[in-house]
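Since the structure comes first, as structure tokens, the remarks are kept for the end.
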Amino acid sequence: MRISSLQAGSRGPVLDLRDSRGLVGFVGESDPLWDEFLLGLRTAFGSRGGHRGPGPVVEGAEGPVVVGTAAFEAELEAVLAAHGLRREEYGALWFGDGPARTWLAAAGALLLGPAGADEMRGGGGGGGDGSAGGLADVWVARLARDARGEVERLMRLQEEVGGLEARLSEAREEAAIARGDAEAGTMAWVRERQDAETRLLLYRDRERELRGQLTSTDEAGEDGPCGRCGRELGDRAGPVGEALREEWESVVQDGRWWRRRRDQLEGKPDDLQGSENRAMALGAEAESLAEELARRKVQGLELEAAARRLDGLLELSARLRGGGGGGGEDRKGAGAGGEERRARLLSETRRRVRARIHGKVVALTGGRLLGAFPELFAVWAGGEGRGGEDVAVLEVAARIALVELAADAGAKLDSVIFPEGLDRLHREDRARVVAALARLARSIPVVLVCAAPRVAAAVPECFDFLYRVRGVAEGGGIRRQRSGIGAVWLGG
Amino acid sequence: MKVAHLSDLHLGYAGAGPGRAGDVLRAFERALARIAELGPDLVVVAGDVFDHPEVTASPIATFSRAVRKLRDSLPEVVVAVAAGVRDIPLEAGAHGPLMVIGALPGVEVATTTVRRVGLQGGKLCVTLLPHPAVMASRSLNVSPDPAAKWNVLVAHAALASGRSHAPAIARRGWDYVALGSSHAYTPVAERVCYCGSLERVGTDPWEESAIDKGFVTAQLESGEVTFWPVEARAAVSLAPIEATGGGTATVARRLGEALAGVPGGIDGKLLRVPVRGLSAEDLAALDREVLAGVRRRVAELRVDALPGQGASHGSGGAGAWRDASAAGERSSRAGGRGRVGPRAVGR
């Protein structure tokens with residue numbers, strides 16, 4: 001139901017929300033007028049069709065409807081029946097009315113749907129005496145269907161384990177061969193390079209030696225001694241010099257070849273590089289397959305848990321179907337089974353609602369309350385611990401979770417009201433909470449919040465409209481202003 | 001004629017970790033020091049100078065000191081500011097911090113109404129379009145001053161008709177349009193751009209982890225626009241840590257491995273850790289045993305609790321969980337901490 005106005009008392013000021021959409025803020029700190037608006041809404045909503053006269057108005061199917069009138073009740077009744085909600089639970093969902101246990105009951109009802117909610121409350125639903133499990137069958141069957149789907153998914157994944165193991169073994173073998181090839185190639189390359197280096201050094205030494213002999217032979221001439229044997233050269237100086245020169249040139253030539261060879265072998269040969277790359281790629285593939293296999297083995301554990309869960313649900317389902325038969329013993333058994341069923345349903349629902357609220361609290365606080373959450377939630381759910389910044393963020397988280405559950409359940413919510421709590425938020429949480437409410441306002445036409453000026457000013461761009469009570473000096477009344485980021489036309 | 005364009009400074013931002021307030025002040029000082037070297041004729045700030053209108057004296061003093069130093073280097077330079085959504089108090093008639101900086105020598109401010117500032121003997125006209133003036137009209141239409149040779153528009157707003165309207169800007173007489181409100185540097189059209197913020201100051205800093213932070217200079221004669229990066233706090237978003245098949249100890253081990261794999265380590269960074277499949281109790285234990293230590297090493301830690309694989313949360317499945325936690329999930333990526341050199345982005 002889309003709220004289109006709130007009224008303070010029967011003749012007091014009106015907060016006209018008809019033209020406002022998105023995240024709408026009533027800016028005020030402990031403003032008495034806001035309290036009057038809320039009191040007006042609570043009183044009219046709680047009158048159960050007995051409200052007379054002006055009051056808060058919603059947009060009904062046929063036009064504006066005053067909350068609490070017979071016309072409003074007719075519309076509300078349809079919504080409650082469609083979603084298995086009680087009146088006070090709708091109040092919790094719509095404007096945060098009632099204690100924590102009502103909020104949690106509303107969340108549970110939205111999670112289970114009308115049939116499951118009825119079963120959870122022990123109403124027996126459409127089954128009359130409830131002997132055959134009644135409408136709870138639907139819920140259990142839904143859980144079983146989900147569980148079966150999960151088991152089948154995990155089984156499909158497990159079926160691939162054998163193939164994965166074979167591929168891993170193959171990949172490891174190939175990787176080992178490639179690694180061996182690469183290692184052998186590396187050794188050959190290193191050996192060749194060392195050989196070339198050694199040869200080059202030998203040729204250098206030989207060239208230096210021959211150059212020395214040649215120089216001394218040339219300088220000394222026929223009277224000088226032979227550079228090799230030391231005897232006088234005489235007329236053999238020419239041929240000896242020539243022989244030395246030829247040998248020197250040959251050594252230089254060979255030395256050059258070894259130098260080129262050494263240079264060639266300086267860098268890793270392409271084929272060796274290719275072998276190494278291949279070995280690395282195969283190694284990486286084997287590693288990735290091993291990781292995948294490890295994941296699949298962990299999923300095997302999940303499969304066991306999912307299979308156990310499915311067995312439990314199938315057993316419960318069978319008991320539900322077979323419990324309605326004949327005699328007194330059977331009936332007693334069915335009654336005991338019903339209690340057990342309800343207890344399990346309640347426990348599972350509570351677990352899921354709590355997990356959902358937990359996720360929201362963590363998101364809104366960035367993890368600040370991770371350590372405190374279990375105790376904080378227990379205290380709050382037990383109806384204590386109102387007030388304080390931690391409870392404030394928990395309550396906003398619970399409301400957001402509740403509204404999202406309603407959306408998941410297909411409930412058409414056209415407006416929600418966050419009447420308090422934003423002022424008490426921890427400084428670090430304010431911007432995150434307002435941003436989360438702005439996201440909520442993308443799917444719900446009006447999200448109305450009461451926020452102190454410091455909260456609204458923390459992220460004004462998140463708000464679409466702001467309402468502010470004007471003082472007498474400003475002429476009184478309620479001033480409405482657009483917020484967010486504006487747009488401009490460029491003219492010329 | 002060179003114009004330096006800044007926006008979304010968010011001075012006074014406190015963030016959710018120690019040292020974050022100093023980050024924005026230092027980024028602003030670094031930006032103005034670089035601008036002093038570049039020697040523009042005009043500096044414009046397109047809104048959100050401050051993070052909120054109730055800032056303490058420290059951010060105002062930082063602004064004042066940095067502008068004074070800039071004017072020591074460039075005595076003729078004028079700093080023109082158009083108020084953003086965060087600069088204006090909600091209470092009507094209340095004076096925000098812009099009133100204070102508007103009194104500084106060489107600083108021109110528009111807080112509530114459109115203001116034209118003539119400079120260089122009337123050759124340059126700067127039209128300042130503050131947020132309240134934009135919001136006061138459903139279709140505010142602004143035109144350049146025909147008597148001025150150069151016309152610059154400064155606005156904390158979006159363009160009403162987006163890209164389709166923008167190509168005609170130069171012909172309509174605007175030589176440069178400096179926009180604010182987006183934290184990412186975004187050229188909208190020729191001579192029109194958002195310069196983005198100088199730090200990661202959004203409600204989710206990790207959403208901005210891959211965005212370069214900095215300011216822009218525009219050469220009015222040629223229309224050349226250059227983005228100048230400024231070093232910002234690095235942000236790291238880990239890939240989800242899976243609890244599947246194990247409990248707190250497994251997550252602690254996997255988290256340790258993930259943290260060890262962050263290039264350059266995690267110290268002093270903005271760190272986001274999504275954990276999948278741990279119960280509230282196990283997360284509380286993880287917080288006590290592991291995350292408390294991590295929190296001491298980083299500038300800001302955010303933990304996201306993700307539901308386990310295949311977990312169902314009502315008929316809508318896990319979809320509703322994703323809104324707040326999945327955005328910006330990346331595999332161990334570090335946001336850019338500084339870059340070298342400017343980026344010429346168009347004419």
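Read-outs throughout are calculated quantities, based only on the coordinates presented, and are distinct from any laboratory measurement. Everything numeric here is computed off the predicted structure, so don't read it as measured data. Backbone-built Cβ (ideal geometry, glycine too); neighbour counts: all protein chains shown.
Cα-Cα pairs above 44 Å in chain A: how many percent?
Here the tail beyond 44 Å accounts for 49 percent of pairs.
Residues of A:356-365, mean number of Cβ from any other protein chain within 10 Å of their own Cβ, rounded to a whole number? Don't jump to the answer; show the numbers that get you there.
Numbers: counts 6, 1, 7, 11, 6, 2, 11, 9, 1, 3.
Mean number of neighbouring Cβ atoms from other chains: 6.
Would you please name the trypsin sites (Lys or Arg not before Pro) within region B:177-230 that are DSSP coil residues with at most 13 other C-beta atoms within 10 Å of their C-beta?
none
In peptide B:286-296, how many Cβ atoms from other protein chains are near each Cβ within 10 Å, on average?
On the way: counts 3, 7, 2, 1, 0, 3, 2, 0, 0, 2, 0.
For this peptide, the per-residue mean of nearby foreign Cβ atoms is 2.
How are the alpha carbon pair distances in region A:161-290 distributed across 10 Å bins from zero to the largest one, expressed in percent?
Whole-percent P(r) values from 0 Å outward: 12, 24, 16, 14, 12, 9, 7, 4, 1, 0.
Note down the nm distance, to one decimal, between modelled labels 7 Å out along Cα→Cβ at A:D414 and at A:K297.
Placing both labels 7 Å along Cα→Cβ, they lie 5.9 nm apart.
What is the calculated FRET efficiency for A:Q253 to A:E183, with r their C-beta to C-beta distance and R₀ = 30 Å, to the nearest 0.05?
Given R0 = 30 Å and the Cβ-Cβ separation, E is 0.25.
Report the calculated FRET efficiency for B:T112 and A:R86 (r = Cβ-Cβ distance, R0 = 51 Å), to the nearest 0.05. Please list the in-between numbers first.
Details: r = 50 Å, r/R0 = 0.98.
Calculated transfer efficiency: 0.55.
Assuming a ≥ b ≥ c are the square roots of the Cα gyration tensor eigenvalues, decide whether the protein assembly as shown counts as rounded (a/c under 1.5), prolate (otherwise, with a/b larger than b/c) or oblate. Intermediate values should be presented prior to the final figure.
Numbers: a/c = 3.42, a/b = 1.43, b/c = 2.39.
In terms of gyration-tensor shape, oblate.
Taking amide H positions as placed in the peptide plane 1.01 Å from N, state which residues far from A:V67 in sequence (5 or more) or on other chains have amide H under 5 Å from it.
A:V57, A:V58
Residues with amide H under 5 Å of B:V192's amide H, sequence separation 5 or more or different chain, H placed in the peptide plane at 1.01 Å from N; which?
Residues meeting the amide H criterion: B:V177.
How about region A:414-492: which trypsin sites (Lys or Arg not before Pro) there are in a DSSP loop, with at most 13 other Cβ atoms within 10 Å of their Cβ? If you can, show how the numbers build up before the last one.
Numbers: sites: A:R424, A:R427, A:R430, A:R432, A:R439, A:R442, A:R454, A:R468, A:R470, A:R479, A:R480, A:R482; in loops: A:R442, A:R470.
The qualifying sites are A:R442, A:R470.
Hey, rough spin-label estimate for A:N277 and A:E340, points 7 angstrom out along Cα→Cβ, what's it come to in nanometres?
Roughly 6.6 nm, to one decimal.
DSSP beta bridges in chain A, what fraction antiparallel, as a percent rounded to 5?
Working: 16 of 30 bridges.
Approximately 55 percent, going by the DSSP bridge assignments.
In straight Cα distance, which aspartates and glutamates are under 13 Å from A:K297, not counting same-chain residues fewer than 8 positions off?
A:E159, A:E160, A:E165
If I model a spin label at A:R308 and B:A14 as a point 7 Å from the Cα along the Cα→Cβ vector, what separation in nanometres do I get?
4.7 nm
Within 10 Å of each Cβ of B:241-250, how many other protein chain Cβ atoms are there on average? Don't skip to the answer; put the middle values down first.
Working: counts 0, 2, 0, 5, 8, 2, 0, 0, 0, 1.
Average per residue, whole number: 2.
222 nm [θ] for the protein assembly as shown, helices only, -39500 (n - 2.57) per DSSP H run of 4+, per residue, to 500? The partial results should precede the final answer.
On the way: 22 runs with 395 residues, N = 839.
About -16000 deg cm²/dmol.
Each residue of region A:275-287 in turn: what ³J(HN,Hα) in whole Hz from Karplus with 6.51, -1.76, 1.60 and θ = phi - 60°, glycine and Pro shown as x?
Result, ordered by residue: 4, 5, 4, 5, 5, 5, 4, 5, x, 5, 5, 5, 4 Hz.
Tally Lys/Arg at +1 and Asp/Glu at -1 over every other residue whose Cβ is under 12 Å from the Cβ of B:G102; what's the total? Please list the in-between numbers first.
Numbers: positive: B:R115; negative: B:D87, B:E108.
Around B:G102, the charge tally is -1.
Local charge sum around A:A178 (other residues, Cβ-Cβ under 10 Å, Lys/Arg +1, Asp/Glu -1)? Walk me through the numbers on the way to the answer.
On the way: positive: A:R179, A:R278; negative: A:E173, A:E174, A:D181, A:E183, A:E276.
Net charge around A:A178: -3.
Would you list, by chain and number, the lysines whose Cα falls below 24 Å from the Cα of B:K69, excluding same-chain residues fewer than 8 positions away?
Cross-link targets: B:K2, B:K213.
Just the Cα atoms of region B:14-136, one point each, no solvent: what log10 I(q)/I(0) does Debye give at q = 0.12, 0.21, 0.22 Å⁻¹?
Each listed q maps to, in turn, -0.45, -1.28, -1.36.
Assuming R0 = 25 Å, what is the FRET efficiency of A:D205 and A:E266, from their Cβ-Cβ distance, to the nearest 0.05? Please list the in-between numbers first.
Numbers: r = 21 Å, r/R0 = 0.84.
For A:D205 and A:E266, the calculated efficiency is 0.75.
Excluding A:E461 itself, calculate the net charge of residues whose Cβ lies under 11 Å from the Cβ of A:E461, where each Lys or Arg counts +1 and each Asp or Glu counts -1. Numbers along the way, then the final one.
Values: positive: B:R86; negative: A:D464, B:D8, B:D48.
Here the charged neighbours net out to -2.
For A:L17, which sequence-distant residues (separation of 5 or more, or a different chain) have an amide H within less than 5 Å of its own amide H, given hydrogens modelled in the peptide plane?
A:S5, A:L6
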